[in-house]
Amino acid sequence: MALIKFPFIGFIDISSLDNLYTGEGELNGKRFSIDLNFEINVTSVETAAYIRHFIDNIRIHDINNKKKIEFDFFEEDTVAGYIDHQLDELSTADIEEIIGRNVKPDLQPESLMKKMQLVRVGIYPENKEQFAIFDYSFGNELTSQVIAIDTDENGNFIQLNWES
């Protein structure tokens, strides 16, 4: 038995892995879920240490991901389309709860984009091309649709998608 403690998840026996481990974290005062997904039954101490390091750096990955979200909002069309859709779908009360009451209509899209928060991190250690998926929205209670950012094992951006 080789127990390793993972942030937000707890102790895992890396010599006898389950397929899924879950937990919750907090970032900037907001809760997010985290899931660790294995396709193998055993992993090494080195791999476990690498996963721990990745999880320990979620705050840094979040900062980098939010820069990608903002870039896409202004320079591409995925995030802008997502925000426009949310403005159509959310109630006025929900929008006001997220961005405040006195935001002019033409400033609402950018204000809403800046309020997106991390709601989930999925980690897939065996998949080097999609090691982690970070989901962003305004909270699971308001929408099931997210902006998903895929990263490699170093947290480097791979792609951004609008998913539900």
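Mind giving me the FRET efficiency for Glu46 and Leu87? R0 is 45 Å, r the Cβ-Cβ distance, nearest 0.05 is fine. Don't jump to the answer; show the numbers that get you there.
Values: r = 46 Å, r/R0 = 1.03.
With R0 = 45 Å, the Cβ-Cβ based efficiency is 0.45.
Of the beta bridges DSSP finds with both residues in the chain, what % are antiparallel, to the nearest 5?
On the way: 29 of 33 bridges.
For the chain, the DSSP antiparallel bridge percentage is about 90.
Tyr82: net charge of surrounding residues, Cβ under 10 Å, Lys/Arg +1, Asp/Glu -1, itself excluded? Kindly include the intermediate steps, with their values, before the conclusion.
Details: positive: none; negative: Asp72, Asp77, Asp84, Glu163.
So the surrounding residues net to -4.
What FRET efficiency comes out for the pair Glu163/Glu96, r = Cβ-Cβ distance, R0 = 22 Å, nearest 0.05? Write down the numbers at each step before the final one.
Values: r = 26 Å, r/R0 = 1.18.
Between Glu163 and Glu96 the formula returns 0.25.
Magnitude of the Cβ-charge dipole of the range 42-164, K/R +1 and D/E -1, about the Cα centre, nearest 20 debye?
Details: 11 positive and 24 negative charges, 98 e Å.
It works out to roughly 480 debye.
Against the longest alpha carbon principal axis of the chain, how many degrees, from 0 to 90 and to the nearest 10, is the axis of helix 45-56 turned?
The helix 45-56 is inclined about 20 degrees to the chain.
Among Asn154, Asn140, Asn19, whose mean-square fluctuation peaks in a Gaussian network model of the chain (Cα, cutoff 10 Å)?
Residue with maximal mean-square fluctuation among Asn154, Asn140, Asn19: Asn19.
Would you give the gap between the C-alpha center of the range 119-164 and the C-alpha center of the range 16-89, rounded to a whole Å?
Going from one Cα centre to the other spans 5 Å.
Put +1 on the Cβ of each Lys and Arg and -1 on the Cβ of each Asp and Glu in the chain; which of Gln145, Thr78, Ser111 then has its Cα farthest toward the positive end of the dipole?
Ser111
Counting only helical runs of four or more DSSP H residues, what would the 222 nm mean residue ellipticity of the chain come to if each run contributes -39,500 (n - 2.57) and the total is spread over all its residues? Can you show the working numbers first?
Working: 5 runs with 57 residues, N = 164.
Per the formula, -10500 deg cm²/dmol.
Give a quick list of GluC sites (Glu not before Pro) in the range 9-92 that DSSP marks as loop, anything other than H, G, I, E or B, with at most 10 other Cβ atoms within 10 Å.
Working: sites: Glu24, Glu26, Glu39, Glu46, Glu70, Glu75, Glu76, Glu89; in loops: Glu39, Glu76.
Of the GluC sites (Glu not before Pro), the ones in loops of the range 9-92 whose Cβ has at most 10 other Cβ atoms within 10 Å are Glu39.
Using heavy-atom solvent-accessible surface (probe 1.4 Å) with all chains present, what is the largest-first order of Phe157, Phe138? Numbers along the way, then the final one.
On the way: Phe157 85, Phe138 15 Å².
Largest to smallest exposure gives the sequence Phe157, Phe138.
Which links in Lys30/Lys67; Lys30/Lys114; Lys66/Lys104; Lys5/Lys128 stretch past 20 Å when you go from one Cα to the other?
Working: Lys30/Lys67 18 Å; Lys30/Lys114 14 Å; Lys66/Lys104 23 Å; Lys5/Lys128 22 Å.
Over 20 Å apart, Cα to Cα: Lys66/Lys104; Lys5/Lys128.
On C-alpha positions alone, give me the angle between the axis of helix 58-75 and the longest principal axis of the chain, in degrees, nearest 10.
Helix 58-75 sits roughly 40 degrees off the main axis of the chain.
Where in the chain is the longest stretch that carries no trypsin sites (Lys or Arg not before Pro) classed as loop by DSSP and with at most 10 other Cβ atoms within 10 Å? If you can, show how the numbers build up before the last one.
Details: sites that count: Arg101, Lys128.
The reported range is 1-100.
The values are calculated or read from the model by the stated rules, or taken from the named source; none is laboratory data. From a predicted model like this one, the values you see are computed outputs, not experimental measurements. Glycine gets a Cβ as well: all are built from the backbone with ideal geometry, and neighbour counts include every protein chain shown. Protein only, heavy atoms only, side chains kept; ligands, DNA and RNA dropped before computing areas. Shrake-Rupley method; radii C 1.70, N 1.55, O 1.52, S 1.80 Å.
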